[in-house]
Amino acid sequence: MTHPNKRKSDPPAPGKVPALQIRRARSNDLGAVADLLVRIKKLNNEFDPLFAVVSDAKHRADRYLASTIADDEKLVLVATEGEKVVGMLRAEMRERLFYEPHEEGFITDFYILPEYRRKALGHEMIQKASAELKKMGAQIIVADVPSRNEIANRFYTKRGFRSLTSIFGKSP
């Protein structure tokens, strides 16, 4: 219960942990977001060796994210606790040329630090991303995850997503 003289917007009392917030990424968030992006790519490698991460992944992530936040057809959300970035979600708008619904919000990357999982943050980030993508014109929301990542598959299934395609690969 909130004290009658204390507004919800007041800063937390000294010694209190700030609440988690979800917002669009800013340019000063990009270093931390790039670190999380590289972590998800390394996690993908644990599921399949065909997801081997390149040695300059951090540099590539920095460039990738800088171009993303400058593009109106793309979205980067961050979850923060105070100044600390604890989660990230990247998505983009895509045209489904041959299918209805025609406009797709495509979640390409999503990562939350392990100590912040299982606290409804992932669900809240998906809700926020879905709302933002809908404002951008999305008529359907999809997500890309490695097929062997059972945790991610269960996460999305629990939220009403279902598998739409399968991509098969092998080393030549």
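Odds and ends about this structure:
- Hz values of 3J(HN,Hα) by residue in the range 81-97 - Karplus curve (6.51, -1.76, 1.60), Gly and Pro given as x: 10, x, 8, 7, 7, 10, x, 9, 9, 10, 9, 8, 7, 9, 8, 9, 4
- Relative contact order (%) - the chain, alpha-carbon pairs under 8 angstrom, separation at least six: 20
- Over 26 Å apart at the Cα level, from the set Lys74/Lys170; Lys42/Lys158; Lys42/Lys119; Lys135/Lys158, are Lys74/Lys170.
- Where labels lie 7 Å past Cα in the beta-carbon direction, separation of Arg96 and Thr165 in nm: 1.1
- Amide H to amide H, with H built 1.01 Å from N, Val145 comes under 5 Å of no residue 5 or more places away or on another chain.
- Eligible aspartates and glutamates near Lys84 by straight Cα distance, threshold 14 Å, same-chain separation 8 or greater: Asp29, Asp35, Glu115
- Taken along its three principal axes, the alpha carbon spread of the chain comes to 65, 39, 32 Å, from the longest extent down to the shortest.
Rule-based calculations on the coordinates, nothing more; no lab input. As the structure is a computational prediction, the values presented were derived from the model and not from experiment. Glycine also receives a Cβ, built like all others from the backbone with ideal geometry; neighbour counts cover every protein chain displayed.
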